[in-house]
Amino acid sequence: MGGVEDDEPASKRMKLSSEALIHLSNGSTVKESIVGSSRDLMARPLQSDGGEEVVGSKGVIKKVEFVRIIAKALYSLGYIRSGAHLEEESGIALHSSIINVFMRQVLEGDWDESVATLHNIGLTDEMIIKSASFLILEQKFFEFLDEEKVMDALKTLRTEISPLCINHGRVRELSLSIVSPSHCFTVRSPKQNTSRARSRTKLLEELQKLLPPTVMVPERRLEHLVEQALGLQRDACMFHNSLDEEISLFADHQCARDQIPSYALQILPAHTDEIWFLQFSHNGKYLASSSHDCSAIIWEVDANGISLKHKLSGHQKPVSSVSWSPDDHQLLTCGVEEVVRRWDASSGECLSVYEKAGLGMVSCGWSPDGKWIFSGVNDKSISLWELDGRELECWKGQHTLKISDLEITSDGKQIISICRETAILLLDREAKVERFIEEDQTITSFSLSRDNRFLLVNLLNQEIHLWSIEDDLKLVSKYRGHKRTRFIIRSCFGGLEQAFVASGSEDSLVRTLNLYYINL
């Protein structure tokens with residue numbers, strides 16, 4: 001048998017001098033001390049003299065795989081000697097001798113030998129063998145062109161690449177690169193547009209992705225497994241509301257219940273009647289509130305708490321809703337079946353009033369670029385306005401109710417409003433397409449998620465429905481628990497990744513729910 005046998009210690013298989021190491025860009029290494037032809041080599045299962053075949057309390061981790069993955073991680077991190085010592089002490093090689101020979105042949109450009117070795121690895125999938133051979137021979141083809149050996153490149157294409165009978169479109173592109181040298185640069189992949197040594201390293205990385213993981217351990221496999229484990233712990237944490245940077249490998253992750261707001265920090269008593277609507281500015285520095293007392297208030301938020309900045313007076317009827325401009329410099333307020341007012345958030349000055357003769361406004365919202373505003377009108381239409389008060393467009397018909405929420409998706413394409421007591425309209429402005437969420441119960445309010453993927457719908461029967469609106473409209477979940485008999489109850493998304501729902505309730509409680517779990 002040619003080559004080096006697997007049962008030789010790592011100290012004999014590998015020389016650790018810096019001159020003998022060829023570092024791959026992905027962190028693995030090939031030792032030049034491996035010599036010999038691969039024609040008589042056949043892959044075999046890696047041997048282990050380390051004792052038990054499994055590790056861990058569950059008995060599901062195969063020791064050979066575990067050690068190989070750790071060795072791969074050490075090499076990837078640049079700990080070359082540590083990786084070699086692990087192989088030697090455990091008696092478990094990261095790669096078999098034939099794979100080490102194959103890697104060396106690829107890096108040295110020994111194309112014919114590397115293709116022959118590929119066939120001797122013991123792969124059973126003929127398509128994998130052909131695809132890997134194609135990559136190797138393609139590299140050979142381009143290196144001939146680089147050396148201006150056009151006839152050798154043509155021979156490689158005709159007698160070695162074409163007979164594989166795969167990637168026919170790519171074969172035509174390679175043919176064009178011979179006819180038109182300038183075309184060569186357009187058909188090369190990034191790995192082939194670099195220096196020869198680096199392009200061969202990139203080729204080896206591509207081959208590594210193609211070959212089975214039992215043959216060549218995937219790059220960053222240990223990191224992937226650890227990240228997957230941390231992700232599962234995070235997803236299983238009912239109270240998770242912290243940054244991923246705070247997750248540690250030293251202990252299982254579990255957020256405490258106090259990650260969720262559960263007690264009052266401050267009471268704001270400036271309004272003299274019911275508060276109907278609250279909204280934080282996008283930058284979190286301000287809070288706007290509207291009330292039955294016909295006023296709205298801009299509050300300032302800082303490290304010391306929340307303080308009154310401006311009380312906005314001018315509406316003759318209760319203020320049903322507020323809406324911050326995208327840059328948080330301005331605020332819209334809507335009086336019940338009255339007018340929409342635009343305010344300067346810094347000075348508290350009213351900049352403009354939007355009204356229609358004989359009609360009243362019922363809702364308001366901003367375009368994503370802040371250049372226009374939308375308003376729902378009590379004749380069931382929706383209007384689009386210039387900031388100076390000029391009406392640009394009006395969508396007539398049953399598009400909104402007298403009391404209605406109004407949302408515009410962040411791309412500005414969809415307007416969302418309650419169009420009937422039991423239905424929500426999603427109007428695509430550009431495509432002029434209307435979609436409807438149909439409920440069996442009366443809808444009292446709704447809230448759009450920050451990523452425009454979900455809609456929370458509050459119903460008269462004390463349920464909250466979560467709808468997916470990204471593609472096809474789909475009811476995802478139903479939540480119960482809050483109390484509603486007299487008032488409009490609103491719910492909203494919250495938390496770092498909006499994984500929670502907070503809902504008011506007539507039993508003097510604010511209920512917090514995890515989107516993926518039961519009531520907290």
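The values are calculated or read from the model by the stated rules, or taken from the named source; none is laboratory data. Quick caveat: nothing in here was measured; it's all calculated off a predicted structure. Note that we place each Cβ from the backbone using ideal geometry, even for glycine, and neighbour counts take in every protein chain shown. For accessibility, only protein heavy atoms count, side chains too; no ligands or nucleic acids. Shrake-Rupley method; radii C 1.70, N 1.55, O 1.52, S 1.80 Å.
One table, with the values for the structure above:
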| item | result |
| --- | --- |
| Cut-off under 5 Å, modelled amide H: who pairs with Ser320 long-range | Cys334, Gly335, Val336 |
| Alpha-carbon centroids, the range 292-365 and the range 89-135: separation in whole Å | 70 Å |
| Accessible-area value, Leu135, 1.4 Å probe, nucleic acids and ligands omitted, Å² | 40 Å² |
| Above-threshold pairs, the threshold being 21 Å between Cα atoms, out of Lys396/Lys474; Lys130/Lys202; Lys432/Lys478; Lys62/Lys130; Lys311/Lys356 | Lys396/Lys474; Lys432/Lys478; Lys62/Lys130; Lys311/Lys356 |
| Dipole magnitude of the range 385-464 about its Cα centre (Cβ charges: Lys, Arg +1; Asp, Glu -1), debye to nearest 20 | 80 debye |
| The range 412-419 - phi-based ³J(HN,Hα) in whole Hz, Karplus 6.51/-1.76/1.60, Gly and Pro as x | x, 7, 10, 10, 10, 8, 7, 9 |
| Residue-by-residue Karplus 3J(HN,Hα) for the range 242-257, coefficients 6.51, -1.76, 1.60, Hz, glycine and proline x | 10, 5, 4, 4, 8, 7, 10, 7, 7, 8, 4, 7, 7, 6, 6, 4 |
| Estimated vicinal HN-Hα couplings, Hz - the range 162-170 in sequence order (Karplus 6.51, -1.76, 1.60; Gly, Pro = x) | 4, x, 5, 6, 9, 6, 4, x, 5 |
| Under-5 Å amide H pairs with Lys309, H placed in peptide plane, nonlocal only | Ile298, Trp299, Glu300 |
| Heavy-atom accessible surface of the range 198-279: percent carbon and sulfur, 1.4 Å | 56 percent |
| Only Lys, Arg (+1) and Asp, Glu (-1) charged, at Cβ; the range 242-381 dipole about Cα centre in debye | 520 debye |
| Of all accessible heavy-atom area on the range 401-520, the percent that carbon and sulfur account for (1.4 Å) | 47 percent |
| 5 angstrom amide H check on Ser477, placed H, neighbours 5+ away | Leu466 |
| Peptides 302-313, 241-252 ordered by average Cβ neighbours within 10 Å, highest first | 302-313, 241-252 |
| Accessible area expressed per residue, the range 377-509, with surrounding protein chains retained (probe 1.4 Å, Å²) | 49 Å² |
| Accessible area of Glu113 in the full protein assembly, 1.4 Å probe (Å², nearest 10) | 40 Å² |
| Low-density loop positions, trypsin sites (Lys or Arg not before Pro), the range 424-465 - DSSP coil, at most 12 other Cβ in 10 Å | Lys432, Arg450 |
